[in-house]
Amino acid sequence: MTRAQQTLSIGLLVASVYMVAFLGLAPLPAVIQNELIPVLPIWAIVSFGAYLLFKLGYGVLTFNDVPEARAELMREIQEAREELKKKGVEVD
Amino acid sequence: MAVNNTLLDRLVGLAMLALASAVFLYYTIWTLLLPFVDDSHPLQSAFPPRVWAIRIPVILLLLGGAVVGSFLSVVMIRSNRKKALKARQKEAGKKSS
């Protein structure tokens with residue numbers, strides 16, 4: 001089962017359960033039916049946005065510099081520049 | 001230049017974390033918990049009327065969509081103008097040669 005199929009089936013399942021609740025096909029207490037069910041999709045979108053922001057902030061918080069990788073990368077860039085210049089390609 | 005995880009970076013990350021958690025908590029209480037709370041409870045006074053719980057995200061989404069759309073259109077118009085200019089320059093070059 002591919003990832004797309006998996007996502008699609010989970011999405012369809014959630015959508016059908018929500019439709020049943022939204023259209024009142026399953027009896028629910030009045031408060032839940034009238035006030036809670038209609039706001040669930042927007043709540044899901046807002047929560048998803050908050051989750052993404054959380055993940056971003058956490059990544060920024062725990063991101064550490066790696067000086068050895070930087071030195072190695074600069075060295076590789078220099079080597080690539082020299083090779084290309086030898087072969088006549090314009091470099092920066 | 002090898003500064004490990006400067007204080008400013010950590011503060012920004014922490015601020016994003018705090019903002020995300022605060023928004024999530026406030027919005028969850030607003031939309032999911034308040035219907036079950038009596039109208040006379042003091043907690044109700046900390047939240048605006050529930051219609052706004054729908055209006056604010058929708059307005060923000062529409063604004064965000066408008067900003068992204070206008071940015072995209074400006075970039076596309078600019079690139080098309082450059083392409084047209086280059087094509088015109090090529091034609092002029094061919095004619096004169």
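Counting each DSSP H run of 4 or more residues in chain B as -39500 (n - 2.57), what helix-only mean residue ellipticity at 222 nm follows after dividing by all residues, to the nearest 500 deg cm²/dmol?
-25500 deg cm²/dmol
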Study note, to complete from the structure: In vacuo Debye sum over C-alpha of segment B:1-47, base-10 log of normalised intensity I(q)/I(0) at q = 0.23 Å⁻¹, listed in q order, is -0.81
Practice item. Compute the FRET efficiency between B:VAL74 and B:LYS95 as 1/(1 + (r/R0)^6), taking r as their Cβ-Cβ distance and R0 = 45 Å, and round to the nearest 0.05. Key: 0.90
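Set the Förster radius R0 to 41 Å, insert the Cβ-Cβ distance between B:LEU85 and A:ALA80 as r into 1/(1 + (r/R0)^6), and round the FRET efficiency to 0.05.
0.80
Which order results if A:THR62, B:THR31 are arranged by neighbouring Cβ count within 10 Å, fewest first?
Ordered from fewest to most neighbouring Cβ atoms within 10 Å, A:THR62, B:THR31 come out as A:THR62, B:THR31.
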Check your understanding: Quick one: length gained pulling A:LYS87 to A:ALA30 fully straight, 0.36 nm per residue minus the C-alpha distance?
Key -> 12.8 nm
**Study point:** A:PHE63-B:SER21 FRET efficiency (beta carbon distance; Förster radius 25 Å; 0.05 resolution)
**Key:** 0.85
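Just so you know, all these numbers are worked out from the coordinates, no wet-lab data involved. On a predicted model such as this, the values are computed, not experimentally measured, just so you know. Heads up, the Cβs are rebuilt from the backbone with ideal geometry, glycines too, and the neighbour counts pull from every protein chain shown.
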